[in-house]
Every structure is written in structure tokens, then in C-alpha cells.
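Q: Dropping a structure here in C-alpha cells format, bear with me for questions.
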Amino acid sequence: MGLIKSRKIYYRYNPNTLDYERVYPSAKERIYSVLKHLSSGILIGGAVFFVCSRVFVSPLETLLKKENKLLQTQYDVLSVQLDNAFEVLDDIQQRDEKLYRAIFQARTIPESVRKSGYGGTNRYEYLSGMSNSELVIETTKKMDILKKQMYIQSNSLDELIAIGKNLEARNRCIPSIQPVANKDLKHTASGYGMRIDPIYRTMRFHTGMDFSAPTGTDIYATGDGVVIFEGWRQGYGNCIIIDHGYGFKTLYGHQKKNLVRVGQRVSRGEIIGLVGDSGRSTGPHLHYEVLVNDKHDNPAKYYFQDLTPEEYDMMIRLADNHGQVMD
């Protein structure tokens, strides 16, 4: 039997009837034929799409690439601007720490606080899946650090502004005149530092300044404050201690008579006692000390409201002698 194919119509020769009979395909054969042609179409279409996607670029893809490149450029520019902002902020921080805080004698802010960043390794994990994730994470990290340091600097400036508003009251409290009338500087006896002990004749550290003056000479408070001690103290004789606030205290020793009482508020220039030679003393004089945050400081640094520059220079030279003290 022969099979004749014509335009996908099949015929088979029947020797019994001596004629060609049409053959109708089964449902399975028809399904197989459809699937075969469909698979071929899919494969050919996929191949064509693959080739076209590699050779030809769609307008949408072109637009997306252009936008992505523009976005990356903007991130680069932003990163440069953030670096510039850090330089400006660093300059402000340096002036704040070394100029403004020095002028106002404010407490320093540790570098570890000023330059602190953000901790945690997973803080920016949510950005890791983005395109150009390294650039995005680095820029976001810079922005966070900049905001934190600016917040710290803002608080620092607020603190300095508050100190500035209280500057007038603070200036009245800072000890800034000589404790006895000494315009001609003739009463300057001995200064701050290593001196010869008048009794033991050995070198020791002198924690204040001595002003020689006749017994009964007026002694003045060198700044506004409150008397926190008045009475006899070993080594100082009749002694007065004034707390001026802002970390400043002054001590006045070897007095003949104390004219104030504990708890009394005094003003700069107010008479608080009379020169004498009480306690461990070799003659009538005033022993004067300045303490800053409970540490002794050179009193000669605090006469800026009482002397001209020339007189101040002379005072420093007189006080810097290494001779014998009077107590």
C-alpha cells in the first residue's frame, strides 16, 4: 500500500477497492503535530529575541541606562560636596576647640566625641541590593556621620552662646586685680614657683604671691564671690577663702584682722581684711593664692584689670625672682 501526501492531506491505496482512500490523522497525531510546530516557533522566536536583544537596544533600555549613568554622576558629585562639607566642619571644630573654648575657658570636647561615627556592620544592609550599592552605602554613611558631627557642633555653639550671655557676670567674678594697693609695684615681695624657705633655708614650691605692706593695710577682694572660710588655718594664720564661681577661688593669708564672715557675698575691690603677720610669717605681708578647679595657678596672670601692659610686664619680672619668701 502506498501513501500519498498532498497539502498535508494523506491518502492510502486500497488493493481491495483498487482506489486511494483518504487517511484522517488521530487526535494524538494532531496534538503532536501542533506541539511540534509550536515548539519550533518558540525556539525560533527565542533565538530571534536573543539575537535582537544583543544587537539592538530598546528605547526604554537606552533611557534607563542614561538615567542610571546620570544618577551615578549625581552620587559622585554629592560625595565630593560631602567631602568639602567635612573640611568646612573640621575648620569650625578646630576654631571652636582651640579659639572659642580657650577664650571662654570652657571645657574641651574630646576628639573621640567630635569625630564619632555610626556603629553596627548591618546598618546599611538594606542598601546592599541596589545597583551601585557600594557608592550608595558610602555616600549614605558620609551623610549620617556629617549630620551627627553637625549636631554635636551645634550643641557646642549653643553652650558657648550661653557662656557668652553670662560673660559679664563671669568677668565680675574672675580675680583680676591686686589684693593690696600696689600701683608702684613696691609691695611685690615674692612670686609663684620655687623659692627659698625663710625658716628651713631650702627650696620649696611657693603656691602664691607675697605682698609686703605695713600692718593694717587694707586687703581687697579681687573678684565677686562668696566667703567660704574665715579663721585660723595652719601655716596661713588668719585666713580668708573666697569662692568666685566658675572654678575660681582665692586665698588671703597672714591677716591681722578678718573683716568678713562665712557666707557673706563680696564684690571686687571690697575691703575684706587688714595686712598682718599672723601664722608662719617673717614680717607683715599678705600671702595671696589663686586656685582654678582646686589647682594652684600663678596669681600674676590675673592682674589684667589693674595694670597697664608696661606695669604688668614689670610685675611679672618682679614676681619671677627666685629669692626668699616671707612665709
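The values are calculated or read from the model by the stated rules, or taken from the named source; none is laboratory data. These figures come from a predicted structure and were not determined experimentally. Glycine also receives a Cβ, built like all others from the backbone with ideal geometry; neighbour counts cover every protein chain displayed. Heavy atoms of the whole protein, side chains included, go into the accessibility calculation; ligands, DNA and RNA do not. Shrake-Rupley method; radii C 1.70, N 1.55, O 1.52, S 1.80 Å.
Q: On the protein heavy atoms, probe 1.4 angstrom, tell me the percent of accessible surface of the chain carried by carbon and sulfur.
A: On the way: 11860 of 20390 Å².
Percent of accessible area from carbon and sulfur atoms in the chain: 58.
Q: Mind ordering 135-148, 21-34 by average Cβ neighbours within 10 Å, highest first?
A: On the way: 135-148: 15.4, 21-34: 10.3.
Per-residue Cβ counts within 10 Å, averaged per peptide and sorted highest first, yield 135-148, 21-34.
Q: State in Å² the accessible area per residue of the chain; use a 1.4 Å probe, count heavy atoms of protein chains only, and round to the nearest integer.
A: Details: 20390 Å² over 327 residues.
The answer is 62 Å² per residue.
Q: On to the next question. To the nearest 10 square angstrom, what accessible area does LYS98 show with a 1.4 Å probe?
A: Number for this one is 150 Å².
Q: Right, another one. For the chain, what is the convex hull volume of its Cα atoms per residue in Å³?
A: Numbers: hull volume 90.0 nm³, N = 327.
Cα convex hull per residue, to the nearest whole number: 275 Å³.
Q: For ASP294 and ALA85, what is the calculated FRET efficiency with R₀ set at 51 Å and r taken between the beta-carbons, to the nearest 0.05? Don't skip to the end; give the middle numbers.
A: On the way: r = 41 Å, r/R0 = 0.81.
Using R0 = 51 Å, I get an efficiency of 0.80.
Q: Can you tell me the 0 to 90 degree angle between the C-alpha axis of helix 309-319 and the longest principal axis of the chain, rounded to 10?
A: 70 degrees
Q: Quote the charge dipole size of the chain about the Cα centre in Debye, to the nearest 20; the model charges only the Cβ of Lys and Arg (+1) and of Asp and Glu (-1). Don't skip to the answer; put the middle values down first.
A: Values: 42 positive and 38 negative charges, 445 e Å.
The dipole of the chain has a size of about 2140 debye.
Q: Hey, rough spin-label estimate for THR17 and LEU63, points 7 angstrom out along Cα→Cβ, what's it come to in nanometres?
A: Reported label-point gap for THR17 and LEU63 is 6.5 nm.
Q: Just to verify a number: what accessible area does SER267 come out at with the full protein assembly present, 1.4 Å probe, Å² rounded to tens?
A: 60 Å²
Q: Oh, and also: Students often check this: by mean Cβ neighbours within 10 Å, which of 71-81, 40-50 ranks highest, and how do the rest follow? Write down the numbers at each step before the final one.
A: On the way: 71-81: 12.5, 40-50: 10.0.
Top of the packing list down: 71-81, 40-50.
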